[in-house]
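Here is the structure we will look at.
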Amino acid sequence: MEYKDLEVWKKSRILAKSIIELAELLPIKENFAMGFQIRKSAISIPSNIAEGCGRNTTKDTLQFLYIARGSLYEVETQLILCFDFNYINQLQLDELINQITECKKLLNGFINYYTSKLITKN
């Protein structure tokens with residue numbers, strides 16, 4: 001299966017787009033600090049899923065899926081910080097956390113699939 005056909009990759013792209021659009025609305029003083037970091041983390045999610053799918057071994061694929069999952073948690077934390085600093089409101093936070101939760105579930109399922117493949121081989 002091509003990585004571009006994966007639901008987890010598609011949903012993580014939508015999430016990345018939402019995060020980048022939100023980052024553009026941050027105050028100018030945060031554009032280079034928090035804005036840069038949250039954009040970088042969001043872009044990392046679909047990028048690492050794609051890179052993992054391009055690897056030759058299940059173990060390598062899993063490593064990149066774990067990195068993508070770590071980036072999901074990083075984005076979630078950065079969004080909570082944006083809320084703490086009143087850069088986003090509760091509704092914005094809730095909508096993005098819902099997208100993150102959906103991506104987490106899909107990504108965890110994908111990780112479980114590859115983990116079972118790794119266990120089966122051993």
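The numbers here are math on the coordinates, done by the rules we state, and not lab data. Small disclaimer: the values here were computed from a predicted structure and weren't measured. Cβ: placed from backbone, ideal geometry, glycine included. Neighbour counts: every protein chain shown.
Just check the stretch 24-71 against the gyration tensor rule for me: Cα atoms, a ≥ b ≥ c as the square roots of the eigenvalues, rounded for a/c under 1.5, and otherwise prolate or oblate depending on whether a/b exceeds b/c.
Details: a/c = 5.09, a/b = 3.73, b/c = 1.37.
Prolate.
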**OP:** Please give the helix 34-53 orientation as an angle from the longest Cα principal axis of the chain, in degrees from 0 to 90, rounded to the nearest 10.
**Re:** 10
Original post:
Is any residue of the stretch 80-100 close enough, with backbone N under 13 Å, to a label point placed 7 angstrom from the Cα of Gln37 along the Cα-Cβ axis, and if so, which?
Top reply: 80-85
**OP:** Enter the Cα centre distance for the pair the stretch 99-116 and the stretch 25-52, rounded to the nearest angstrom.
**Re:** 21
Subject >> Top of Ser44, Ser18, Ser71 by mean-square fluctuation, Gaussian network on the chain, Cα under 10 Å >> reply: Ser18
**OP:** Choose one of Leu26, Ile43, Asn56: the residue whose Cα lies farthest towards the positive end of the charge dipole of the chain (beta-carbon charges +1 Lys, Arg; -1 Asp, Glu; about the Cα centre).
**Re:** Asn56
**OP:** Choose one answer from Ala33, Ala42, Ala23: the residue with the largest mean-square fluctuation in a GNM of the chain with alpha-carbon springs under 10 Å.
**Re:** Ala33
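For the stretch 6-55, which GluC sites (Glu not before Pro) are in a loop by DSSP, counting at most 12 other Cβ atoms within 10 Å? Spell out each step's value before the answer.
Working: sites: Glu7, Glu21, Glu24, Glu30, Glu51; in loops: Glu24.
Passing sites in the stretch 6-55 are Glu24.
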Original post:
When the chain is modelled as a GNM with alpha-carbon springs shorter than 10 Å, which of Ile49, Ile19, Ile80 fluctuates the most?
Top reply: Ile80
**OP:** Scan (1) -0.32, -0.94, -1.16, -1.24; (2) -0.37, -1.06, -1.26, -1.33; (3) -0.27, -1.04, -1.45, -1.60 for the value of log10 I(q)/I(0) by the Debye sum over Cα atoms at q = 0.10, 0.19, 0.22, 0.23 Å⁻¹ calculated from this model and give just the label.
**Re:** (1)
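With a cap of 13 neighbouring Cβ atoms within 10 Å, and only residues DSSP puts in a loop, list the chymotrypsin sites (Phe, Trp or Tyr not before Pro) found in the stretch 36-122.
Phe85
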Original post:
Can you flag which of Lys17/Lys117; Lys4/Lys104; Lys4/Lys117; Lys11/Lys121 are past 25 Å Cα-Cα?
Top reply: Lys17/Lys117; Lys11/Lys121
